[in-house]
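The values are calculated or read from the model by the stated rules, or taken from the named source; none is laboratory data. Since the model is a prediction, treat every value here as computed from it, not as a measurement. All Cβ positions, even for glycine, are placed from backbone atoms using ideal geometry, and neighbour counts span all protein chains on display.
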Amino acid sequence: MINLVHELIVSSAQRQPASIGLKEAGRELDYQSLCLEIDQASRLLLSLGLMRGERVAIYLEKRIDTVTALFAAAAAGGVFVPVNPLLKPEQVGHILLDCNVRILVTSPERLELLRPVLPHCRDLRTVVLVGDKPAEALAGLQIARWSDRAQVPALSPHRVVDADMAAILYTSGSTGKPKGVVLSHRNLLAGAESVSLYLENRSDDRILSVLPLSFDYGLSQLTTAFRVGGCAVLMNYLLPRDVIRAVEREKITGLAAVPPLWIQLAQLDWPTGVDEHLRYFTNSGGAMPTATLSTLRSKLPKTKPYLMYGLTEAFRSTYLPPEEVDRRPDSIGKAIPNAEILVVREDGMPCSPGEPGELVHRGAHVALGYWNDAEKTAERYKPVPGQLAGLPITEMAVWSGDTVKMDEEGFLYFIGRRDEMIKTSGYRVSPTEVEEVIYATETVTEAAALGIPHPALGQAVVLVTYGPHHDGSVDERILEECKKQLPAFMVPVRIIAQAEPLPRNPNGKIDRKRLAESLLDLFEEIN
């Protein structure tokens, strides 16, 4: 029986020790070797004084040592905190300070970047360096070497159960400072079991890991692969074309990405025959434009598309089976296995079919809350609506803040995120609905609909686009289509064509907050 997240790897090693479980560039590890690496690394962490439940941050690019460190922290009885390698030192410092990190695993090069912020991380005691490059000492911090892990004698891990913390994942921070979502071993195992079930993952799968491991969607590529004894292929890509080349070279069977990357991949040529081995692709982290989905399906006719919706606070909520895509390509599907999804009004009563309401998620995937933030936890984690009065212990659910609607057959449709909805002329406008019209014109590569303050309208709809061949005629066509397909209050009052791709947050999504802030100078001009 698997109770703890690192036991996913142990279990696969017992079933198929010689099968390759992890690959990175020219290096690969079978499950038996991966188990040994994790055991040695967990001993190293324990020898450095790691206590039960203490946090271990890993600030490295995607590599085998990164994965080993994550699962070793869990195996030792600690809590792993994967830090996106794209974050700046100040952002990393916030995470280290916020969740009281005790041990930091990083490289000498990254340590130099962090040197100015580490003195403020009051709970940090030890830095473990990966690689042979020397590094100067830091006052008050112990320096250890990752390469010493094989020499550490056997040490007993701390006893933990599946309800204990296993990881803290930091949200991308679209609204203020990033928050640390606390996940238990049970959360991670339930997620791996559920996703691998509906994706029909199997031991011969080769899953390409292109998303950050600090992103729950990215971490899922590891846990689902390990759950079935498949192979996770790690990749730090520079260009979208590199992803396609890796899919072909590594005979990848499963590929996960977010909408901005899918939009780019859809515009490229895919080698003939790739869909003979690429069994499925998945989308989460935002709605995939219908035009993008159609293009991908035409280029990969044998590859099954899975459209999904999730949030870090509950890992994954819904998926649309491939056989339903033709009937309802704009749906986010139904609840994943072992989850219940409710659509409720502000008073907690269930919505009628077609009535917009808040998506509420209950079940084994609901996280333990935000680290060290009772106030924000209380805002998002609230009692399950309609709970029986006779139950003395209140069950908590995640109230997503996202507006959805459910049809007569129980399929869900995403309308918008509460903090992204544009309020104009007394109406609530979903940016996704506007952007869908734009992408269907196939005139631009990227588009983001934003709300800019306006004294008469409340907010004015402004569209920001990026495309390699943008000119005035493109703007005219976009406006023409918007006027045809959208009510007047949803038509953008301004189209701003950018010469560079739209900014992204560390998880690869379009950074709407940063984009809106860069356009605040438009306020007086629009008024």
Report task. Output the residues belonging to the stretch 399-441 that are closer than 30 Å to His469 by Cα and either free of Cβ contacts under 8 Å to residues at least 60 places away in the same chain or over 27 Å from the mean Cα position of the chain (by Cα) (or both). Result -> Gly416, Met421, Ile422, Ser430, Glu433, Val434, Val437, Ile438, Thr441
Report summary line: Within the stretch 295-325, residues being in contact with a Gly (Cβ under 8 Å, 6 or more places away or on another chain), part of a strand (DSSP E or B) and of a type outside the set (Ser, Thr, Tyr) number 3
Report task. Hey, can you tell me all the residues within the stretch 266-293 that are of a type in the set (S, T, N, Q), in contact (Cβ under 8 Å) with a residue 24 or more places away in the chain and over 20 Å from Ser209 (Cβ atoms)? Result -> Gln267, Thr290, Thr292
Query raised in the report: Got at least one residue in the stretch 22-30 being in contact with a Pro (Cβ under 8 Å, 6 or more places away or on another chain) and either under 25 Å from Leu211 (Cα atoms) or part of a strand (DSSP E or B) (or both)?
Result: yes
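Residue by residue, here is whether (1) under 22 Å from Ala154 (Cα atoms); (2) at pLDDT 95 or above; (3) among the hydroxyl-bearing types (Ser, Thr, Tyr) holds:
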| position | (1), (2), (3) |
| --- | --- |
| Leu22 | no, yes, no |
| Ala25 | no, no, no |
| Glu37 | yes, yes, no |
| Ala73 | yes, yes, no |
| Leu97 | no, yes, no |
| Leu104 | yes, yes, no |
**Report entry** Number of the condition not met by Glu355 [criteria: (1) over 23 Å from Glu200 (Cα atoms); (2) modelled with pLDDT of 95 or more; (3) among the charged types (D, E, K, R); (4) surrounded by 19 or more Cβ atoms within 10 Å (Cβ to Cβ)]
**Finding:** (4)
Report summary line: (1) touching a Lys or Arg at 6+ places or on another chain (Cβ under 6 Å); (2) modelled with pLDDT under 90 all hold for Met288 apart from (1)
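Looking only at the stretch 326-377, which residues are small (Gly, Ala, Ser), at negative phi and not in a helix (DSSP H, G or I)?
Initial filter on the stretch 326-377 (small (Gly, Ala, Ser)): 331, 333, 335, 339, 348, 352, 354, 357, 363-364, 367, 369, 374.
From the residues that got through so far, the ones that are at negative phi too are 331, 335, 339, 352, 357, 364, 367, 374.
Once the filter is applied, which keeps residues that are small (Gly, Ala, Ser), at negative phi and not in a helix (DSSP H, G or I), the stretch 326-377 yields Ser331, Ala335, Ala339, Ser352, Gly357, Ala364, Ala367.
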Query raised in the report: Quick one: what pairs do we get from the stretch 224-240, first residue among the basic types (Lys, Arg), second surrounded by fewer than 24 Cβ atoms within 10 Å (Cβ to Cβ) and in a loop (DSSP other than H, G, I, E, B), C-beta under 9 Å, 6+ apart or different chains?
Result: Arg227/Ile2; Arg227/Asn201
**Report entry** Residues of the stretch 442-474 classified as in contact (Cβ under 8 Å) with a residue 60 or more places away in the chain, in contact with a Lys or Arg (Cβ under 7 Å, 6 or more places away or on another chain) and surrounded by fewer than 20 Cβ atoms within 10 Å (Cβ to Cβ), total
**Finding:** 0
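Looking for whichever is of a type outside the set (S, T, N, Q), crowded, with 24+ Cβ neighbours inside 10 Å, part of a helix (DSSP H, G or I) and within 19 Å of the chain's Cα centre (by Cα) here; the options are Leu261, Leu219. Which one fits?
Result of the check over Leu261, Leu219: Leu219.
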**Report entry** Enumeration of residues in the stretch 1-46 that are of a type in the set (Ser, Thr, Tyr) and surrounded by fewer than 19 Cβ atoms within 10 Å (Cβ to Cβ)
**Finding:** Ser11, Ser19, Ser33
Query raised in the report: On the given criteria, is Arg27 closer than 22 Å to Ile143 by Cα and of a type in the set (D, E, K, R)?
Result: no
Query raised in the report: If Gly53 passes every condition in (1) at positive phi; (2) in a strand (DSSP E or B) but one, which one does it miss?
Result: (2)
Query raised in the report: Do we find a residue being assigned by TED's automatic domain parsing to the domain that holds Arg43, more than 17 Å from Ala314 (Cβ to Cβ) and in contact with a Lys or Arg (Cβ under 9 Å, 6 or more places away or on another chain) anywhere in the stretch 178-189?
Result: no
Requested in this report: Could you tell me whether Gln485 is polar (S, T, N, Q) and within 12 Å of Ile438 (Cβ to Cβ)?
Outcome: yes
**Report entry** Residue count for the stretch 110-131, restricted to those that are within 22 Å of Ala73 (Cα to Cα) and acidic (Asp, Glu)
**Finding:** 1
Report task. Determine which single condition Ala57 fails, assuming it passes every other condition in (1) out of contact with any Phe, Trp or Tyr (no Cβ under 6 Å at 6 or more places or on another chain); (2) free of Cβ contacts under 8 Å to residues at least 40 places away in the same chain; (3) aliphatic (A, V, I, L, M). Result -> (2)
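Considering each residue of the stretch 120-140, count those that are in contact with a Gly (Cβ under 8 Å, 6 or more places away or on another chain) and either surrounded by fewer than 19 Cβ atoms within 10 Å (Cβ to Cβ) or of a type in the set (A, V, I, L, M) (or both), and give that number.
3
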**Report entry** Tabulated pairs, the stretch 76-95, first at positive phi, second outside any loop (DSSP other than H, G, I, E, B), C-beta under 9 angstrom, 6+ apart or interchain
**Finding:** Gly77/Ser42; Gly77/Leu46
Report task. Find the residue count for the stretch 381-396, including only residues that are under 18 Å from Asp347 (Cα atoms), β-branched (Val, Ile, Thr) and loosely packed, with under 11 Cβ neighbours inside 10 Å. Result -> 1
